[in-house]
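Written below as structure tokens is the structure these notes are about.
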Amino acid sequence: MKKYKIAILDRDGVINKINKNKGYIGRIKDFDWQTGAKKTIKFLKNKGYKVVVVTNQSGVARGYFKYSDVLKLHRYINFELKKNNTLIDKFYFCPHHKDGKIQRYKLNCNCRKPKNGQFKKIKAKWNIDMKQSFMVGDQITDIQFARKSKLKGLLFKEKNLYNFMKKKLS
């Protein structure tokens with residue numbers, strides 16, 4: 001059975017700059033590409049990786065934006081990436097938060113990072129080559145997620161995602 005190399009990327013702080021709305025990015029107008037993000041995704045795809053986004057989106061539970069807004073934003077991201085002949089293979093997100101205002105999403109679930117429910121969904125979809133797969137995040141919770149998932153975790157705190165990934169994969 002074929003094994004897949006998976007590059008898991010956090011969304012806000014990794015492919016998107018988080019200088020707006022205190023990190024609650026749920027609408028296209030608030031999305032701001034991280035320097036080198038589009039090039040990074042194409043680079044990873046050309047190296048044979050499945051590129052997957054995992055992201056906490058508690059702004060849904062808090063009532064800042066709707067679940068459908070997040071889906072629209074993810075479609076927009078892939079629309080923009082297709083202009084560069086690339087795309088993200090799959091988006092996973094957790095709309096929940098235990099302190100949410102929207103009752104339907106007010107819960108402490110296993111898909112909110114650092115818990116690894118989102119990784120379990122990835123694992124159910126693909127036979128993962130665990131030695132070559134990794135997670136890139138900008139928060140300690142992303143690295144905790146990677147550890148719980150038995151993946152290498154890469155902490156991104158730089159200004160250019162492409163330069164960062166090129167160093168890490170060479």
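Values for this structure:
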read-out	value
Cβ-Cβ under 7 Å pairs, at least 6 apart or on other chains, segment 38-60 side free of Cβ contacts under 8 Å to residues at least 60 places away in the same chain and assigned to a loop (DSSP other than H, G, I, E, B), far side open to solvent by 20 Å² or more (accessible area, probe 1.4 Å) and among the basic types (Lys, Arg)	48/5; 60/66
Criterion: over 21 Å from residue 112 (Cβ atoms) and either surrounded by fewer than 16 Cβ atoms within 10 Å (Cβ to Cβ) or more than 13 Å from the chain's Cα centre (by Cα) (or both) - qualifying residue of 69, 32	32
Residue list for segment 1-45, filter: of a type in the set (Phe, Trp, Tyr) and either within 24 Å of residue 68 (Cα to Cα) or in contact with a strand residue (DSSP E or B) (Cβ under 8 Å, 6 or more places away or on another chain) (or both)	4, 24, 31, 33
Residue list for segment 156-165, filter: touching an Asp or Glu at 6+ places or on another chain (Cβ under 9 Å) and open to solvent by 80 Å² or more (accessible area, probe 1.4 Å)	157
Total residues in segment 72-90, condition open to solvent by 30 Å² or more (accessible area, probe 1.4 Å) and in a loop (DSSP other than H, G, I, E, B)	5
Pick from segment 116-146, criterion under 19 Å from residue 48 (Cα atoms) and part of a loop (DSSP other than H, G, I, E, B), ranking: least open to solvent (accessible area, probe 1.4 Å)	133
Where residue 93 falls short, out of the listed (1) assigned to a loop (DSSP other than H, G, I, E, B); (2) of a type outside the set (Lys, Arg); (3) within 27 Å of residue 64 (Cβ to Cβ); (4) open to solvent by 20 Å² or more (accessible area, probe 1.4 Å)	(1)
Odd one out for residue 168, checked against (1) open to solvent by less than 30 Å² (accessible area, probe 1.4 Å); (2) farther than 16 Å from residue 13 by Cα	(1)
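The values are calculated or read from the model by the stated rules, or taken from the named source; none is laboratory data. None of the values given here were measured: they were computed from a predicted structure. Virtual Cβ from ideal backbone geometry, glycine too; neighbours counted across all protein chains shown. All accessible areas refer to the heavy atoms of the entire protein, side chains included, with ligands and DNA or RNA removed. Shrake-Rupley method; radii C 1.70, N 1.55, O 1.52, S 1.80 Å.
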